[in-house]
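Q: Got a structure here, written out as structure tokens. Questions coming.
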Protein chains: 2
Amino acid sequence: MVRQRGFDKEKALDIAMELFWEKGYAATSISDLTAIMGIQRPSLYATFGDKEKLFEAALRKYTNLHASLIRTKLQNTISVKEAFRNLFEELIEKEYKNKVSKGCFCINTIVELAPHDEKFEILTREHEMYLSVIFQETLLKGIKSGELESNLDVKALAQTLVVALIGITVLLKSHPERSFVDKSVTLILSLIK
Amino acid sequence: MVRQRGFDKEKALDIAMELFWEKGYAATSISDLTAIMGIQRPSLYATFGDKEKLFEAALRKYTNLHASLIRTKLQNTISVKEAFRNLFEELIEKEYKNKVSKGCFCINTIVELAPHDEKFEILTREHEMYLSVIFQETLLKGIKSGELESNLDVKALAQTLVVALIGITVLLKSHPERSFVDKSVTLILSLIK
DNA sequence: ATCATTTTATACCGATTGGTATATTATACT
DNA sequence: AGTATAATATACCAATCGGTATAAAATGAT
């Protein structure tokens with residue numbers, strides 16, 4: 001009884017996510033978005049509400065994808081310490097490969113919007129807290145398997161790994177010497193024992 | 001022979017620095033700036049060039065102030081480890097006191113502009129590298145005084161402290177539970193031995 | 001006091017911003 | 001096949017963007 005949408009909503013959202021991720025909220029215009037998404041302005045507004053709603057939808061999609069990606073990477077290895085090492089090293093490798101480093105969409109949003117909009121403060125904080133829970137679970141598995149010491153302060157270590165992940169992700173955007181970030185990753189991983 | 005400027009250039013730059021620091025480059029308009037600086041648009045352009053030049057001048061002023069502030073704080077204590085602890089704790093205290101946390105102007109710029117403008121990539125990277133040098137000097141002093149172990153990897157530790165400082169500064173903008181950041185600071189400081 | 005020089009204030013520029021009104025096109029059900 | 005409904009395309013909106021032309025006001029040297 002109705003005309004159906006001529007584009008894939010999820011694909012369009014993916015493209016919007018990539019652009020917001022790369023340029024941030026303020027620097028991305030509706031014209032930029034419609035051009036790259038391949039849709040007209042009224043379609044964007046009819047489908048996603050307004051610019052802020054679209055941004056929020058894109059960020060929620062990112063945090064879901066990011067969390068499950070992290071969880072998967074931490075599950076697929078025998079050694080917990082190796083898993084964390086691979087996590088950091090893949091992050092570093094990817095940022096040095098790409099010419100323009102987008103960093104982490106969630107971290108970018110903490111910096112740009114969290115201080116000025118409580119909605120994004122909560123959304124981004126909860127994602128970081130969720131990451132620390134994933135890290136805790138991974139560390140606990142390492143203790144149970146006997147790989148890690150049983151008297152490890154799992155919570156403190158997980159939170160420190162989150163802090164380190166944030167610090168390295170941000171620092172990579174300024175393209176420091178590779179050895180700089182490699183050395184600090186090695187030292188941080190030495191806390192997992 | 002000429003009319004003299006009716007405002008203090010350095011004071012005006014300080015005010016611009018605060019606003020760019022709080023809102024970022026894209027979200028700060030010339031009208032915002034002239035209003036808070038108390039000057040007219042042509043005065044701004046005559047004195048500082050254009051928006052980007054003003055931003056760069058503000059950021060350079062910030063990095064200079066920030067570096068000397070950090071160096072001062074690390075000098076004024078007998079124990080090196082205590083000095084670093086105070087550095088982190090004062091940062092945390094300040095961010096929890098203020099309602100809107102501006103974070104670090106340099107870090108904000110790494111996230112917003114470094115990936116899209118080589119000038120700011122270089123400027124911000126050099127500041128972070130400079131901080132790591134200050135940290136190295138401080139740690140070396142601790143070794144010479146006998147407080148720290150002589151086999152400490154000073155470079156790796158200094159770089160890790162920079163990474164941790166960045167991570168905590170960013171995370172604070174999402175207002176996590178106080179215990180979260182306190183615990184990770186304690187664990188990071190345990191690397192200084 | 002006059003004059004050259006620079007800052008100031010007002011007003012304006014075209015371009016772009018986020019967001020919509022309108023009218024046309026395409027679809028699913030009767 | 002006709003009709004109700006929603007998505008599309010075009011064109012437009014006021015507001016704001018970064019930046020400037022112009023002219024009045026203020027200054028220090030003569």
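Bear in mind these aren't lab numbers, they're just calculated from the coordinates by the rules spelled out. Fair warning: this is a prediction, and the values are worked out from it, not measured in the lab. Cβ sites come from the backbone with ideal geometry, for glycine too, and all protein chains shown count toward neighbours.
Q: Expressed as a fraction of 2.2 N^0.38 Å, the rule-of-thumb size for a compact globular protein of N residues, what is the C-alpha radius of gyration of region A:36-149?
A: Expressed relative to 2.2 N^0.38 Å, the Cα Rg reads 1.32.
Q: With the cut-off at 1.5 for a/c, could you classify chain A from its C-alpha gyration tensor as rounded, prolate or oblate?
A: prolate
Q: What ranking of B:2, B:181 emerges when the number of other C-beta atoms within 10 Å of each C-beta is taken as an exposure proxy, fewest first?
A: Fewest-to-most ranking of B:2, B:181: B:2, B:181.
Q: Longer than 20 Å from Cα to Cα, which of A:73/A:119; B:23/B:173; B:23/B:94; A:53/B:94; B:11/B:97 are they? Say none if no pair is.
A: A:73/A:119; A:53/B:94; B:11/B:97
Q: Which percent of Cα-Cα pairs in the protein assembly as shown sits in each 10 Å bin, short to long?
A: Using 10 Å bins, I get a P(r) of 5, 21, 30, 25, 13, 5, 1, 0, 0 for the protein assembly as shown.
Q: For n ≥ 4 DSSP H runs only, could you compute -39500 (n - 2.57) per run for chain A, divide by its residues and tell me the 222 nm figure to the nearest 500?
A: After summing the helix terms and dividing by residue count, I get -24000 deg cm²/dmol.
Q: What is the fewest-to-most order of B:111, B:170, B:80 by other Cβ atoms lying within 10 Å of their Cβ?
A: Exposure proxy ranking, most exposed first: B:80, B:111, B:170.
Q: For region B:140-145, what does the Karplus curve 6.51 cos²θ - 1.76 cosθ + 1.60, with θ = phi - 60°, yield as ³J(HN,Hα) per residue in whole Hz, taken in order and with x for Gly and Pro?
A: My calculation for region B:140-145 gives 4, 4, x, 5, 4, 6 Hz in order.
Q: If you don't mind, another one. Determine the distance separating the Cα centre of region A:112-176 from the Cα centre of region B:131-147; give it in Å without decimals.
A: First find each Cα centre; the distance between them is then 28 Å.
Q: Also: If you place +1 on the Cβ of every Lys and Arg and -1 on the Cβ of every Asp and Glu, how big does the dipole about the Cα centre of region A:59-189 come out, in debye to the nearest 20?
A: For this selection, approximately 360 debye.
Q: So if R0 is 45 Å, what FRET efficiency would residue A:145 and residue A:99 give, r being the distance between their Cβ atoms, rounded to the nearest 0.05?
A: It comes to 0.65.
Q: Oh, and also: Along region B:162-177, what does the Karplus equation 6.51 cos²θ - 1.76 cosθ + 1.60 (θ = phi - 60°) give for ³J(HN,Hα), rounded to whole Hz, x for Gly and Pro?
A: Ordered by residue, 3J(HN,Hα) equals 5, 4, 5, 4, 5, x, 5, 4, 5, 4, 4, 5, 9, 6, x, 4 Hz.
Q: Using 0.36 nm per residue, how much length does the chain from residue A:81 to residue A:117 gain when fully extended, once their Cα-Cα distance is taken away?
A: 9.3 nm
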